[in-house]
Every structure is written in C-alpha cells, then in structure tokens.
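Here's the structure, in structure tokens; my notes come after.
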Amino acid sequence: MHQAIKKVGITGGTHGNELTGVYLIHKFQANPALVKRTSFETLCMHMNVGAIEQCTRYVDKDLNRTFTLKALEDYTLTEYEDSLSKVINQQIGPKGSDTPAVDLVIDLHTTTSDMGLSICVSTQDPFTWQAIAYVQEQIPELHIFRWNGDTEDASFVSSIPPHGITIEVGPIPQGVLRADTFFGTERVVQAILDYVELHNQGKAIQYTEADIYDHVELIDYPRNAQGEITAMLHPSLQDNGYAKIEKGDPLFVTLEGKDICYEGEEPRHILFANEAAYYEKHFSMCLTDKKTISL
C-alpha cells in the first residue's frame, strides 16, 4: 500500500498558448471547491506566466524540456525558462526529494493533433499507473500513451514529484479555447482526483492491466539537404488519430503529389501526427505499439 497523497498540484500553461489548461486553472482558483477533496490539499498553478501573457508556447525555450536533474542543477543556464524551472522545482519539488512539496502533479496540455482525450505517462511508478487505469475505466474513450521521451532524464513538469500525469487533449489550434476540449480535460482531472481520494481512504481497487499505446520511435518529415520539409503528412492520416499503418501504407505526400510509404516490417499506430509545436523539434509523428500491459 502506497503512502497517502497529501498534496496534489494541478498545473496549466506550461505552454502559454495552450489555453485550456490556462483557463481551467483560472476556474479552479476562482472555485476551489471544484477540486477539493477531504483527504488531501489541492494546489492550482499557472506555470509559464511569461508565455501565457504573450500567448506563445514559450519565451526562450520549451519549459517542458527543462526539468532534467542536470538542467535544474546548472545555474549557468540563464534563459527565461531555465530560471523559471528552478523556481517551479522548489515550489512543487524539489525533484528527487523524499519530502516534496507536492506528491502528484496533473499537468494540463492540448495538441493540434487528433488525440481525443489522452493521458501521457513517462514513469513506471505503480501509484500513477493505478490512477491511470482507474481513469480509463471511468472514461472508456480515454487513450493512454506511454512516452519514452526525447531526453535521457524525464524533462517534464510531471517528472518533478514522485507521481505525475500529463493530460493531452485535441485537436485544437494553439491560442484557442473550445468548450468540448475544456470540459473533456476537466472530466479527466476530476476522475484523477476521485482516485486519489479513494486511494487515501483505502477504497481503491487494484488494477491488473491497462490498454496503452507504447512509444516506439519519433520520425521526422522528409527534408532536403538544406533541412527544408519536402513532404507533408498524407491526407489519409490527417485528423485520423491513432491510425494503424502497415508496410506499404502512405505516410507522406511530396509537394509534387508523390506518396512516400511506410517501410517498417511491424504495424504501428501513429500519435501526435502533424503536431504544430513539433515542427521545430523535427517530429512529424510518434510510432507506437498498441498493447495491453500488466500492472
């Protein structure tokens, strides 16, 4: 039995142009009873205030890639998000501490990709996985993505405390509020809080498995020698979240209209297809395996 969760942090605006999280935090701060439970305290925080004010993803760099232990300990890094991450780490961590200020973080994100209601998780922590399995039972249309990351050490806000969950909901353009995305995200948050309450009261059942999409690899768009994109996501995959692809299926179409096909031997499911924020990261999509895992 895991120890009781004493404090939960709900964080929004890690990316300042993802307004669903920004405005859910506004709502929760104005109406704290919405996220109040009897057995734990809930803290609601905006993360990247500078980016929120500008309605941009970030000021200098992606805040959600600054929470590695190496970066948090490097005080020669002085860009806006580097300095901000160290402040946030003290507010809800510090990372790696046995006595963090917050036990569980629920970080709120949106995506321009057709992901529906999704949870992204990058930890093996048993409590986090039990919470996710509970939410999946309560919200059957929820997708679970196990992310292996693009950094050696987890770099997300959700990696700071012992337990962390990232909610991703889409598709929605950057800098836009949509009611369905807003209330769908809130529904997932409430289910997580309900699980924490059940856990603390000793009433949570033990889940033995979960259906997930497991990270395999990130792939880039086709590019020329100058690094310019030469092909787009194929129309059959656009707005077709979690689509299954097999060898010979089209992945991209060139500017001239020629298909570029998937050459892998194993079937995959695609996530984060054509995500706007990932152009700069040179990711066109994530290839995943759909599977049931034991907990």
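The values are calculated or read from the model by the stated rules, or taken from the named source; none is laboratory data. This is a predicted model, so every value here is computed, not measured. As a convention, Cβ positions derive from the backbone with ideal geometry for all residues, glycine included, and neighbour counts pool all protein chains shown.
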In the range 206-264, residue surrounded by the fewest Cβ atoms within 10 Å (Cβ to Cβ) [restricted to those that are farther than 25 Å from residue 118 by Cα and of a type in the set (A, V, I, L, M)]: 225
Exclusive hit being out of contact with any Gly (no Cβ under 7 Å at 6 or more places or on another chain), surrounded by fewer than 16 Cβ atoms within 10 Å (Cβ to Cβ) and touching a residue at least 12 places away in the same chain (Cβ under 8 Å), set 71, 4, 33: 4
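For (1) surrounded by 23 or more Cβ atoms within 10 Å (Cβ to Cβ); (2) closer than 23 Å to residue 193 by Cβ, each residue gets a yes or a no:
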site: 58; (1), (2): yes, no
site: 78; (1), (2): no, no
site: 96; (1), (2): no, no
site: 99; (1), (2): no, yes
site: 105; (1), (2): yes, yes
site: 108; (1), (2): yes, yes
Any hit, the range 4-16, residues being more than 16 Å from residue 165 (Cβ to Cβ), of a type in the set (Val, Ile, Thr) and out of contact with any Pro (no Cβ under 7 Å at 6 or more places or on another chain): no
Extreme residue, nearest to residue 63 (Cα to Cα), among residues of the range 265-295 that are surrounded by 14 or more Cβ atoms within 10 Å (Cβ to Cβ) and of a type in the set (D, E, K, R): 275
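Kindly check whether there is at least one residue in the range 188-202 that is assigned by TED's automatic domain parsing to the domain that holds residue 142, assigned to a loop (DSSP other than H, G, I, E, B) and in contact (Cβ under 8 Å) with a residue 24 or more places away in the chain.
Yes, the range 188-202 contains at least one residue that is assigned by TED's automatic domain parsing to the domain that holds residue 142, assigned to a loop (DSSP other than H, G, I, E, B) and in contact (Cβ under 8 Å) with a residue 24 or more places away in the chain.
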Counted residues, the range 160-185 - those being touching a helix residue (DSSP H, G or I) at 6+ places or on another chain (Cβ under 6 Å), within 19 Å of residue 134 (Cα to Cα) and in a helix (DSSP H, G or I): 1
Options 87, 105, 135: the member that is assigned by TED's automatic domain parsing to the domain that holds residue 50 and without any contact (Cβ under 8 Å) to a residue 24 or more places away in the chain: 87
